[in-house]
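Asks: Pasting a structure below so you can have a look.
The values are calculated or read from the model by the stated rules, or taken from the named source; none is laboratory data. None of the values given here were measured: they were computed from a predicted structure. No Cβ is skipped: glycine too gets one built from the backbone with ideal geometry, and neighbour counts run over all protein chains shown.
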Amino acid sequence: MKIKRHKKILFFGGFVLIIILIVVFSVFNFRKSELPVACDDRGLKNCLTENLPYKNSNLSIEVRVDDLLSRMTTEEKIGQMALVEKKSVYKQADLAHYGIGALLSGSGAKPKNNTGQDWLLMVNEFQKSAQKSRLGIPILYGADAIHGQAAFPGQVIFPHQIGLAAANNSNLVEQIGRATTKQLNRTGIYWNFAPNLDIAKDIRWGRYYETFGPNPQIVANLGTAFINGSQSEDNFGLEMLTTAKHFIGNGDMTWGTSINRNFKMDQGETQASEMQLRQIHLPPFQAAILAGVGSIMVGLNKIDQEQVSANKYWITDVLKGELGFQGFVVSDWYGVYEVAPSKYDSLVRAINAGIDLVMLPFDYKGFIYYTKQAVKRGDIPQERIDDAVRRILTAKFKAGLFDRPLNDNYEYSELEKAEEQNLAREVVRQGVVLLKNKNEVLPIDRSIQNIKVAGSSADNLGHQLGAWSIEWQGIDGKWIEGTTVLDGIMKIAGQNQKIQYNQLADFEKEEKADLGIAIVGEEPYAEGWGDNPAPTLSQKDLQTIEKLKKQSKKLIVIIISGRPLDIKKYSDDWDGIIAAWLPGTEGVGIADVIFGDYPFIGKLPMEWMVE
Ligand code: BGC
């Protein structure tokens, strides 16, 4: 009897123990599935996600997004809304752990060896780490390829947008979009922070050259051409996600209103009326949406004394509502945190205003913490988070990120490079503007024997490239591949023409040359660092011009700049003046035109007074 009872107790105890174990196990597992769990190093298969509908490329993007969204925790969704600067990634595993949605290389953030191959390796490493997350969601990697993938040496770099506006040839701009997509794709990048659709109203602004100028029609046409070229499906059948920036009224800020104490106009206040904003600044964005632009970046400017990132009317009502924009809205560098004194309030206001992806770009842990709290407290509705993530995921699916195996071979063939060079050279030619031509000094006759060349920008590739080239603020000098204007002159001039060069016009023999060519202009600058109350030539350039003039029977001045420079006071006795903008690596295009092999067809996109 006793033994029987003992057995019964043992049996019952065992049963209870098993039940307890089952309960503990499922609670533990339930809690675990609430967290964004990283897969182990053995790869995605261990996440058991391979056969889920969102992984099935035969299903529509809508169905795939719905499926994926339904599997995500709130935390995972918030992670997708974070855009982080790659140097701020504390450890690679964080990408999967926090489910980070996107990374960027702020210009200048490069791999240790700054080569194309290393860029591809770097982006792929990030991609592999991100895909170890519970659901294996790929990251978007963004870059500022605003005149080609100019982040590392060896590429063909196109003119900055202001030069494209002078050429005003949408066909060429479309081809540049296509070429830029190829340049980025080679490095594993599928998201470009271009084109710039700001309407530039004031030449004192440090970002004037990044724009297609002040004419909304030109901005809309060329911007659309760039988007069409970049996103066209004949780019290896791959997609590029473009970004129309900076919404809205950026370029029309009032001088002296910048919130950045180092700047004057950049990050300032746009005091245009709603009617002006709608008539002048909105049309290019409208055109970009019709062309299928994937994302729109909100500016760092203010309207009605409020950061645009917090402006629900413009972002949600106008952009997403009236204009029907279906892509995602991304904020600009640290932009959301300038909205209110506290990070929490800033995030609540910006996300509720309609920002989908937040360019933090630094502290992602804080972002996830605050945003999670805001959702928990009901300060940010769950539907707003779902809408933001739906837009981001849709863009990722459209860009083919879920379906494409990683490309691990950086290939830049000589043929591809030659094609890009020809394209860049042609657009440089077409953008050269003849500002003055006294006594038909231009085009240069090949019978002219002695030519002296001088000036700070004659043999300086860094000046030709402008900023957003290798470094954010650009580079100085001639240390990467490319053709300077001087190289071009040497190449194009007739065999009997004797070309002498001295940067400061300190020539050994002071005898008069038949012709002097001064190539002068601005040094590179980016963003507010280029805000300048009176853009003109430097004293050094003016002195060089004076010296050269004394040693030349006639004088041509070629200006390499991102905006009109005030030269009225000096230009009276210059015979020829040319605006050559920031032409990029193919300076030879300028020589093609000044020697008359190609006509001057470039037109000023703005006013430029000369004597
Ligand atoms: C600029 C944007 C740029 C972003 C990322 C910001 O400072 O305003 O135009 O896309 O940085 O580099």
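Asks: Restricting attention to the range 188-226, which residues are farther than 16 Å from Glu174 by Cα, within 16 Å of the ligand (Cβ to nearest atom) and out of contact with any strand residue (DSSP E or B) (no Cβ under 7 Å at 6 or more places or on another chain)?
Replies: Result: Ile199, Ala200, Trp205, Gly206, Arg207, Tyr208, Tyr209.
Asks: Given the residues Leu140, Leu103, which is the only one that is of a type outside the set (Gly, Ala, Ser), in contact (Cβ under 8 Å) with a residue 40 or more places away in the chain and either surrounded by 20 or more Cβ atoms within 10 Å (Cβ to Cβ) or more than 21 Å from Ile470 (Cβ to Cβ) (or both)?
Replies: Going through Leu140, Leu103 in turn, just one is of a type outside the set (Gly, Ala, Ser), in contact (Cβ under 8 Å) with a residue 40 or more places away in the chain and either surrounded by 20 or more Cβ atoms within 10 Å (Cβ to Cβ) or more than 21 Å from Ile470 (Cβ to Cβ) (or both): Leu140.
Asks: Of all residues in the range 536-565, how many are in a loop (DSSP other than H, G, I, E, B) and more than 20 Å from Glu611 (Cβ to Cβ)?
Replies: 2
Asks: What are the pairs with Cβ atoms under 9 angstrom where one residue, in the range 49-70, is farther than 14 Å from Arg390 by Cα and the other, located anywhere, is in a loop (DSSP other than H, G, I, E, B) and polar (S, T, N, Q)? Sequence gap at least six, or different chains.
Replies: Lys55/Thr49
Listed here are the residues, each with its yes/no results for (1) hydroxyl-bearing (Ser, Thr, Tyr); (2) surrounded by 14 or more Cβ atoms within 10 Å (Cβ to Cβ); (3) at pLDDT 95 or above; (4) over 30 Å from Ile289 (Cα atoms).
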position	(1), (2), (3), (4)
Glu383	no, no, yes, no
Arg391	no, yes, yes, no
Thr394	yes, yes, yes, no
Gly400	no, yes, no, no
Asp403	no, no, no, no
Val428	no, yes, yes, no
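Asks: Please determine, by comparing only the residues of the range 301-337 that are of a type in the set (D, E, K, R) and outside any strand (DSSP E or B), which one is surrounded by the most Cβ atoms within 10 Å (Cβ to Cβ).
Replies: Within the range 301-337, the match that is surrounded by the most Cβ atoms within 10 Å (Cβ to Cβ) is Asp332.
Asks: Let me ask another. Does Ile296 satisfy the criteria of being among the hydrophobic types (A, V, I, L, M, F, W, C), away from the ligand (no atom under 15 Å from the Cβ), in contact (Cβ under 8 Å) with a residue 40 or more places away in the chain and touching a strand residue (DSSP E or B) at 6+ places or on another chain (Cβ under 7 Å)? Show your work before the answer.
Replies: Working: among the hydrophobic types (A, V, I, L, M, F, W, C): yes; away from the ligand (no atom under 15 Å from the Cβ): no; in contact (Cβ under 8 Å) with a residue 40 or more places away in the chain: yes; touching a strand residue (DSSP E or B) at 6+ places or on another chain (Cβ under 7 Å): yes.
So Ile296 does not fit the description; no.
Asks: Also, quick follow-up: Sort out which residues of the range 566-611 are surrounded by 18 or more Cβ atoms within 10 Å (Cβ to Cβ), in a helix (DSSP H, G or I) and among the charged types (D, E, K, R), and write them in order of number.
Replies: Once the filter is applied, which keeps residues that are surrounded by 18 or more Cβ atoms within 10 Å (Cβ to Cβ), in a helix (DSSP H, G or I) and among the charged types (D, E, K, R), the range 566-611 yields only Asp592.
Asks: Same structure again: Take the residues in the range 477-535 that are of a type in the set (Phe, Trp, Tyr) and not in a strand (DSSP E or B), then tell me which one is nearest to Gln551 (Cα to Cα).
Replies: For the range 477-535, the residue satisfying everything is Phe507.
Asks: Quick check, is Gly455 closer than 26 Å to Glu527 by Cα, at pLDDT 95 or above and among the small types (Gly, Ala, Ser)? Can you show your working first?
Replies: On the way: closer than 26 Å to Glu527 by Cα: yes; at pLDDT 95 or above: yes; among the small types (Gly, Ala, Ser): yes.
Against the criterion (closer than 26 Å to Glu527 by Cα, at pLDDT 95 or above and among the small types (Gly, Ala, Ser)), Gly455 qualifies.
Asks: Quick one: count up the residues across the range 338-370 that are surrounded by fewer than 21 Cβ atoms within 10 Å (Cβ to Cβ) and either of a type in the set (D, E, K, R) or within 16 Å of the ligand (Cβ to nearest atom) (or both).
Replies: 6
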